[in-house]
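Colleague: Dropping the structure in here first, questions after.
Every number here is computed from the coordinates shown, using simple stated rules; none is lab data. Quick caveat, the model's predicted, so the values are computed rather than measured. Note: ideal-geometry Cβ built from the backbone for every residue, glycine included; neighbour counts use all protein chains shown.
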């Protein structure tokens, strides 16, 4: 009799001991996915580029060769007194569909600005006013020349993302990750220019495509809030950009640095 009692008591104690562990395991269920959103600002450096101009009505089919362009950051001068989207900004919206293995997808948008450097001497070759020319133009607003993708060169990418864990604190309140990203998508430039004093009507348009790769160091605090420092390489090809009585096309490479703040939202549970 005492053996049965001891056996039942042992089983009861085992059940009681195992309950907290079971409840703890239930409370620590891992999410099926992770949704994240970030916002930040950027700065760029561009390769030299050629700009092909076609204006059949004016007898023009020429190229500006080896143009120098620069960005226009905006966030480095009285940022808090400006609208949040006036500087060069960027956002990311992504989802890790397999958080443990670190695979995800992302919408990646950079509002970058590309401006022809003012007061530069530019080689012009091709047909101008129906005549073959090989000359130099002093590219300056004072001379009736400017060329802006200033309300955005606007890179939009659809990225594949791979995350690798570098460090995680014992309680999980600090995590360091490295993210590799690669994608392709359209460019949506805002085109504004004047050539030989003939200005276009500024406008947004779908104007070609771009592809990019990005490396990101991400620090997550208390599981939900994170900071990102990103380095990105992008190649963009612009075509059919509307100018005065014609179109322009151009291609350039970009090196970009980005700083973002964001939040992670767990989705579902296993």
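Colleague: Helix 2-27 against the longest principal axis of the chain: what's the angle in degrees, Cα atoms only, rounded to the nearest 10?
Modeller: Helix 2-27 sits roughly 10 degrees off the main axis of the chain.
Colleague: Here's something else I'd like to know. For residue 213 and residue 251, compute 0.36 nm times the residue count separating them, minus their Cα-Cα distance, and round to one decimal in nm.
Modeller: Details: separation 38, 0.36 × 38 = 13.68 nm, distance 1.69 nm.
Fully extending the segment from residue 213 to residue 251 adds 12.0 nm.
Colleague: Obtain the nm distance between the two label points defined at residue 123 and residue 196 by a simple spin-label model: each point lies 7 Å from its Cα along the Cα-to-C-beta direction.
Modeller: My value for the distance between the label points is 2.1 nm.
Colleague: Rounded, prolate or oblate: which fits segment 116-270, taking a ≥ b ≥ c as square roots of the Cα gyration tensor eigenvalues, rounded meaning a/c under 1.5, else prolate when a/b beats b/c? Don't jump to the answer; show the numbers that get you there.
Modeller: Details: a/c = 3.25, a/b = 2.94, b/c = 1.11.
Prolate shape, in that a/c is at least 1.5 and a/b is the bigger ratio.
Colleague: What does the extension gain come out to for residue 140 and residue 227, with contour length at 0.36 nm per residue minus their alpha carbon separation?
Modeller: Details: separation 87, 0.36 × 87 = 31.32 nm, distance 4.00 nm.
Separation in residues times 0.36 nm, less the Cα-Cα distance, equals 27.3 nm.
Colleague: Another question, if that's okay. Please give the length that would be gained between residue 178 and residue 76 if that part of the chain were fully extended, namely 0.36 nm times their separation in residues minus their C-alpha to C-alpha distance (nm, one decimal). It would help to have the intermediate numbers written out before the result.
Modeller: Values: separation 102, 0.36 × 102 = 36.72 nm, distance 2.70 nm.
That works out to 34.0 nm of additional length.
Colleague: Please state the relative contact order of the chain as a whole percent: Cα pairs under 8 Å, 6+ residues apart? Walk me through the intermediate numbers first.
Modeller: Numbers: 719 pairs, mean separation 57.0, N = 270.
Once normalised by length, the contact order is 21 percent.
Colleague: Something else about it: Provide 67, 213 in ascending order of the number of other Cβ atoms located within 10 Å of each residue's Cβ, fewest first.
Modeller: Numbers: 67 22, 213 15.
The order, fewest Cβ neighbours first, is 213, 67.
Colleague: With runs of 4+ DSSP H residues as the only contributors, calculate the mean residue ellipticity of the chain at 222 nm using -39,500 (n - 2.57) per run, divided by the residue total and rounded to the nearest 500. Let's see the in-between values first.
Modeller: On the way: 1 runs with 26 residues, N = 270.
Value at 222 nm, helices only, nearest 500: -3500 deg cm²/dmol.
Colleague: Just one of (i) 57, 29, 15; (ii) 31, 24, 17; (iii) 58, 16, 13 is semi-axes √(5λ) of the Cα gyration tensor in Å calculated from these coordinates, so which is it?
Modeller: It is the value labelled (iii).
Colleague: How much of the DSSP bridge set in the chain is antiparallel, in percent, rounded to the nearest 5?
Modeller: Numbers: 128 of 128 bridges.
Of those bridges, close to 100 percent are antiparallel.
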